Amino acid sequence: MFLAWRELWFARSRFGLMGAVVGLVAVLVVMLSGLSSGLVNDGVSGLKKLPVTAFAFDDGTAVDSAFSRSTVDRDQLAAWSAQDGVAEAALFGNQLVNAEGANGEAVDLALFGVEPDSFLAPAPDAVADGEGLGDATGIVVSDTVTELGLGVGDTVTIERLGTELTIVGVLDGQHTFGHVDVAYVPLETWQEIHSGALPGTEVRPEAYDEATAVALSVADGAELDTAAGDSDAATMTVPLDESFDGSPGYAAETLTLNLIQLFLYAISALVVGAFFTVWTIQRKHEIAVARAMGASTGYLVRDALGQAAVVLVVSTVVGMAVGVGFGALMTSTPMPFALEAGPLAVAAALLVGLGLLGAAASVGRIAHVDPLTALGGQR
Amino acid sequence: MTGTTQQAPGTTPTTTVGLELDDVTLTLGDGDSTVTALDHVSLTVPPGQLLAVVGPSGAGKSSLLAVAGALGLPTAGVVRVAGVDVSALNAARRADLRRRRIGFVFQSGNLLPALTAVDQLRFALHVAGERVGRDGRDPRTLLGQVGMAHKADRRPHELSGGERQRVGIARALVTAPALLLVDEPTAALDRARSHEVVQLLATETHEYGVATVMVTHDHDVLEHCDRVVEMEDGRLTA
Ligand SMILES: Nc1ncnc2c1ncn2[C@@H]1O[C@H](COP(=O)(O)OP(=O)(O)OP(=O)(O)O)[C@@H](O)[C@H]1O
Ligand SMILES: [Mg+2]
């Protein structure tokens with residue numbers, strides 16, 4: 001690194017320019033990562049917080065519309081309950097509804113229909129305000145509902161049906177599904193709403209057997225035999241994290257954002273690779289002199305890669321710090337934005353790692369510089 | 001390996017010799033169009049001798065430096081630097097020999113643009129893995145000896161051609177080499193500067209007991225040299 005440090009200082013404006021590009025890419029990556037995490041939270045945080053290992057949807061439903069299309073019944077639940085390794089199985093109802101508050105304000109809700117005594121019902125310690133499920137028309141909602149000015153004791157009316165639901169509890173933290181706030185509702189009430197029956201009218205009796213999916217939780221250390229369960233219960237089982245694709249818009253959003261990030265990584269690696277290629281070619285004569293002086297290829301390659309690592313680490317760290325600064329401003333806006341240490345660490349590692357790869361592709365030229373060219377007057 | 005003695009294990013008979021070429025032939029080019037750049041050249045340069053090599057363009061002077069400096073291997077014959085047979089070494093070992101035993105002074109200095117004068121010398125020590133007080137010499141003292149102490153912290157673009165050549169000579173000597181190879185050191189200098197630089201080479205050659213081979217076109221400066229050989233068509237003629 002003797003030569004590397006001095007070259008960094010000597011050509012500081014050139015290295016600074018390249019570092020700025022990497023730094024700006026790092027800022028963008030932080031923003032996209034924050035947006036990505038934010039959208040994931042908005043799309044599936046309600047699902048993520050369920051104590052569920054997998055969902056068994058009715059056989060033949062497509063995953064991307066499973067939560068709106070699938071219907072299972074109690075026979076399928078019974079078949080799953082009898083399977084080995086299943087610790088808990090319960091009916092889970094899911095439906096997006098439009099409702100309005102007492103003052104006519106629009107409230108979109110994702111109704112999670114669960115039996116109040118099942119493992120799906122919000123645990124008492126997850127309820128920040130009020131109480132848990134119990135009352136037939138009582139709902140327990142995500143704390144993001146409070147941003148609409150609603151709280152415990154307020155009533156919302158489901159449009160078209162006119163069903164009135166009262167908020168009895170507010171959960172701790174964000175629970176959303178498909179960008180809509182989650183409201184836990186007793187399964188029976190969910191079944192009435194899902195059947196489309198107006199309050200006071202007859203509900204077709206089978207409706208009380210139905211739900212969207214069988215929610216499964218696996219005993220500690222046990223392995224779920226999905227094939228056996230699916231054939232016994234005529235279902236299609238999807239692990240929790242794969243079921244996220246059933247959240248409206250989730251797959252398209254994450255794909256788009258991941259694609260943009262992928263392009264940014266590629267651009268950054270290419271910029272770094274191109275810079276070091278030009279830089280190495282410019283230094284060809286100096287490299288020949290150093291080799292004639294006896295510097296080994298390993299010595300020169302270590303020097304060049306060390307130099308690239310310094311530029312990459314410094315610009316990535318500075319860029320990410322700026323990005324996190326911007327991000328802190330974003331989190332106070334209604335934009336879905338969340339900065340998480342994990343994805344940021346991965347992004348930093350990718351930027352530095354891919355940049356080094358780009359640099360490595362160019363420093364290979366060092367090995368091919370002929371020390372003989374240092375002799376004579378070619379300069 | 002200490003000081004300026006060129007001890008190599010198992011080669012006692014040749015330790016008093018800086019450079020020894022024994023019947024060296026170098027053919028260049030491929031297929032039908034081959035050139036005999038060096039034609040059965042035998043040459044011995046003892047420590048403390050400044051040898052000048054003169055000759056017309058294409059005579060093989062640069063080829064002689066390349067082979068003597070372990071930059072390339074001869075087609076036939078034996079090259080010994082400080083008693084070490086170069087032809088027995090692979091590329092990595094030849095690089096090792098270069099950084100420990102051989103100093104190069106290139107035309108117009110060929111200094112590294114990012115480094116100050118004193119760092120040029122430190123870089124040579126760093127490459128050689130040596131530190132001041134062991135085999136290497138103190139960079140600032142050496143710069144003082146070549147009259148560059150006052151410009152030790154200047155970069156090459158702030159130095160004149162003659163000053164660069166002085167720094168180049170100091171850089172070649174800082175690792176205490178047994179063999180100093182100099183390629184047309186006065187090509188870019190005026191008369192007065194040429195004399196100064198070659199005089200400096202002679203002084204340092206004698207002071208440090210290094211075997212020096214200097215290629216030159218400049219017949220004016222031969223008076224400072226201990227010995228002059230002429231080359232023509234790859235052969236030594238005098
Ligand atoms: N890479 C090469 N391939 C083929 N022939 C070469 C190569 N390098 C040099 N030659 C030939 O070898 C001969 C000796 O070249 P060399 O460079 O040693 O001459 P020189 O005495 O240094 O000339 P100058 O004074 O012009 O520098 C010349 O005929 C030259 O054309
Ligand atoms: Mg030549």
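A Cβ-based charge dipole, computed about the Cα centre of the protein assembly as shown with Lys and Arg at +1 and Asp and Glu at -1, lands at about 5940 debye. Taken over the Cα atoms of region A:1-150, the convex hull encloses 256 Å³ per residue. Inter-label distance, B:A149 to A:D75: 10.4 nm, where each label sits 7 Å from its Cα along the C-beta direction. Sites counted here are GluC sites (Glu not before Pro) in a DSSP loop (not H, G, I, E or B) having no more than 16 other Cβ atoms within 10 Å; the longest part of chain A that contains none of them is A:224-339. Sorted ascending by nearby beta carbons within 10 Å, beginning with the fewest, A:I167, A:I139 become A:I167, A:I139. Neighbouring Cβ atoms from other chains, within 10 Å of the Cβ of residues in A:281-294, number 6 on average.
Inter-chain neighbour count for B:110-120: the average number of beta-carbon atoms from partner chains within 10 Å of each residue's beta-carbon is 5. For B:K151, no lysines have a Cα closer than 23 Å to its Cα, not counting residues fewer than 8 places off in the same chain. Evaluated on region A:109-195, the Kirkwood hydrodynamic radius is 12.6 Å, with distances taken between all distinct Cα atoms. Among beta bridges identified by DSSP and lying wholly in region A:60-233, the antiparallel ones come to about 75 percent. Chain A has equivalent-ellipsoid semi-axes of 59, 24, 15 Å, by the square roots of 5 times the alpha carbon gyration tensor eigenvalues, sorted largest first. Each of B:L201, B:P139, B:A59 was scored by the projection of its Cα onto the charge dipole of region B:19-237, and the greatest displacement toward the positive side belongs to B:P139; charges sit on the C-beta of Lys, Arg, Asp and Glu. Take every pair of alpha-carbon atoms less than 8 Å apart whose residues are at least six positions apart; their mean separation over the length of chain A yields a relative contact order of 29 percent.
Annotation for region B:56-74 versus region A:122-151: alpha-carbon center distance of 88 Å. Shape index of region A:60-233: Rg/Rh, with Rg the Cα radius of gyration and Rh the Kirkwood radius from the inverse mean 1/r over Cα pairs, equals 0.98. For region B:13-94, the Kirkwood hydrodynamic radius from C-alpha pairs, put into Stokes-Einstein at 37 °C and a viscosity of 0.692 mPa s, yields a diffusion coefficient of 247 µm² per second. Per-residue ellipticity at 222 nm, computed for chain A from helices alone with -39500 (n - 2.57) per DSSP H run of at least four residues, works out to -15500 deg cm²/dmol. Spatially, region A:1-19 and region A:40-94 are offset by 57 Å when compared through their Cα centroids. Considering only alpha-carbon pairs that sit under 8 angstrom and 6 or more positions apart, the relative contact order computed for chain B is 30 percent. In region B:19-237 the Cα-Cα distances spread across 5 Å bins starting at 0 as 1, 7, 16, 19, 20, 16, 11, 6, 2, 0, 0 percent of all pairs. For region A:182-208 versus region A:309-377, the inter-centroid distance based on Cα atoms is 55 Å. Across region B:195-238, counting alpha-carbon atoms alone, Rg and Dmax equal 11.4, 34 Å.
Values quoted throughout were computed directly from the atomic coordinates according to the rules given, and no laboratory measurement underlies them. Just so you know, these numbers come straight off a predicted model, no measurement behind them. Glycine gets a Cβ as well: all are built from the backbone with ideal geometry, and neighbour counts include every protein chain shown.
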